[in-house]
Amino acid sequence: MGRGFGLKPGTGNAALLLWRQSISVALAYVGVIVGAGLSSGQDILQYFLSFGKVGILGVVAMGALNVVFGRIMVTLGSYYQAESHEQVFSEITRPVIGRVIDVILVVASFVMGFVMIAGAGANLQQQFGIPSWAGALACALLIVAVSFLDFGRITRILGVFTPVIIVMILLITAYAVASGPHDVDALEAAARTIEPAIPSLWLSVLNYFALCALTGVSMAFVLGGSIVRIGVAQRGGTIGGVLIGLIVTCAAVALYLNLPSVKDADIPMLSIVAGISPVLAVVYAVVISALIFNTAFSLFYATARRFAGGSDRRLRAVMAGVVAAGFACSFGGFKSLVGVMYPVLGYLGIVLLVVLAVAWVRERAGIMREMLLRRSMIRLLLKRHDVRRDFTPSDTAAFERLSDASVVETQAIRQTMDAYAREAAQRRSDIVTEQDVRGDGGEGGR
């Protein structure tokens with residue numbers, strides 16, 4: 001496709017390949033949302049389990065919101081072929097609202113960045129006895145240092161930790177359930193000792209998901225923008241949301257079943273792992289450190305890039321400044337910062353959810369038209385790149401009419417579609433005929 005997640009030679013059946021693309025998008029979206037916050041467990045305690053066992057229902061509801069808005073965000077990114085969040089917001093909001101959201105995203109990135117630095121300190125202190133300020137300083141210095149290096153290579157290495165943490169959470173949950181029976185009365189009594197981040201469970205659901213959306217919207221748009229086929233993007237966002245709901249629910253169950261022993265810990269999930277195996281606790285602490293660093297770097301990088309004006313030199317200078325400010329703010333303590341700063345950001349994030357919901361309702365008809373239009377463009381271009389078929393002047397004229405009608409800038413959509421079709425045609429078995437398209441399962445008989 002030329003922009004990521006394209007067709008690859010030798011992958012065989014086209015319908016299966018499109019499903020693989022959807023799964024790739026889904027896993028990438030999970031990696032955006034499921035990071036250091038979930039792996040620590042502190043946010044789940046304060047937002048949900050402080051209400052007791054009913055809080056698990058809140059977690060399930062939050063997972064449902066992930067399904068709905070995961071689909072919306074990734075689809076809008078594909079629809080506009082987005083390369084940044086500004087590109088989408090300029091299309092779906094008025095300039096004033098777009099600027100407000102831009103400010104919210106910048107503020108959220110900085111605040112969550114210094115909360116992550118605090119989390120790095122808390123994680124190393126809890127597992128290795130390192131003073132929290134020293135761990136936070138080490139994380140901050142590493143963030144600045146990496147800004148001078150090839151971060152793309154580093155993030156590819158750190159990316160392996162996302163599936164590791166998912167597997168570990170599933171294993172922790174299985175162990176927690178198998179270690180029963182559990183005294184529900186004691187668990188509920190322990191839950192009542194936790195100070196809720198938000199006074200209402202259902203407001204907690206909305207607030208926490210809005211916080212997740214603030215964290216993931218920019219990357220979700222870019223992920224969607226890497227996908228030509230809108231149906232693939234829709235499916236990927238939906239599957240990603242389902243996976244997130246499953247993972248968060250498992251983590252909540254594990255934490256609930258261990259509430260008496262973990263409710264006062266800064267990193268409650270690490271406390272559970274330490275009770276299972278000291279060696280496993282060391283592994284878990286290392287994985288959390290990697291996730292925290294990855295999350296913190298990405299957040300501070302987004303903040304610095306916003307003010308760097310495209311200059312790498314200025315980017316590094318701004319990066320050093322914002323990380324230093326973040327380190328200073330991290331002295332509020334991880335647990336306290338989660339309880340104070342996250343709810344504020346969640347309320348700001350509700351503005352984002354409203355904008356996304358309104359845009360989805362308003363643009364659904366246009367998305368369907370664009371889906372059909374791209375389907376027709378793909379069929380024409382696959383014909384042009386198939387040596388067995390003739391691409392006539394009328395086909396050329398039809399392709400030009402379709403590209404002119406696209407919501408994406410004409411030259412850009414022509415280049416993207418041509419790259420996609422050329423890659424598909426590299427191998428005869430990957431050429432999608434009309435019969436193949438009707439079986440792809442992603443765009444209503446596409």
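Computed from the coordinates by the stated procedures, all read-outs in this text should not be read as laboratory data. Just so it is clear, the model here is predicted, and its values are computed rather than measured. We place every Cβ from the backbone using ideal geometry, glycine too, and count neighbours over all the protein chains shown.
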- Message: Only Cα pairs within less than 10 Å get springs; with that Gaussian network setup on the chain, which residue of Gly332, Gly135, Gly216 has the largest fluctuation?
- Response: Gly332
- What ratio of Cα Rg to 2.2 N^0.38 Å holds for region 256-392? 1.72
- Item | Stokes-Einstein diffusion coefficient of region 194-300, Kirkwood radius over Cα pairs, 25 °C, 0.890 mPa s, in µm²/s | 148 µm²/s
- Note on the structure: Farthest towards the positive end of the dipole of the chain, among Ala140, Gly98, Pro163 and with Cβ unit charges of +1 on Lys and Arg and -1 on Asp and Glu, lies the Cα of Gly98
- Query: Quick one: Karplus J couplings for region 80-86, per residue in order, coefficients 6.51, -1.76, 1.60, θ = phi - 60°, nearest Hz, x for Gly and Pro?
  - Reply: 8, 6, 6, 10, 7, 5, 4
- If you plug each phi of region 223-228 into the Karplus form 6.51 cos²θ - 1.76 cosθ + 1.60 with θ = phi - 60°, what whole-Hz ³J(HN,Hα) values come out, in order, with x for Gly and Pro? 4, x, x, 7, 10, 6
- Tabulate in residue order the Karplus-calculated ³J(HN,Hα) for region 111-118, using 6.51 cos²θ - 1.76 cosθ + 1.60 with θ = phi - 60°, rounded to whole Hz; enter x for Gly and Pro. 5, 5, x, 6, 5, 5, 4, 4
- Which of the chymotrypsin sites (Phe, Trp or Tyr not before Pro) found in region 333-383 are in a DSSP loop and have at most 14 neighbouring Cβ atoms, other than their own, within 10 Å? none
- Query: Quick one: what Rg and Dmax do you get for region 158-243 from the alpha carbons, in Å?
  - Reply: 18.2, 53
- Report the charge-dipole magnitude of region 14-364 in Debye, nearest 20, computed about the Cα centre from +1 at each Lys and Arg Cβ and -1 at each Asp and Glu Cβ. 820 debye
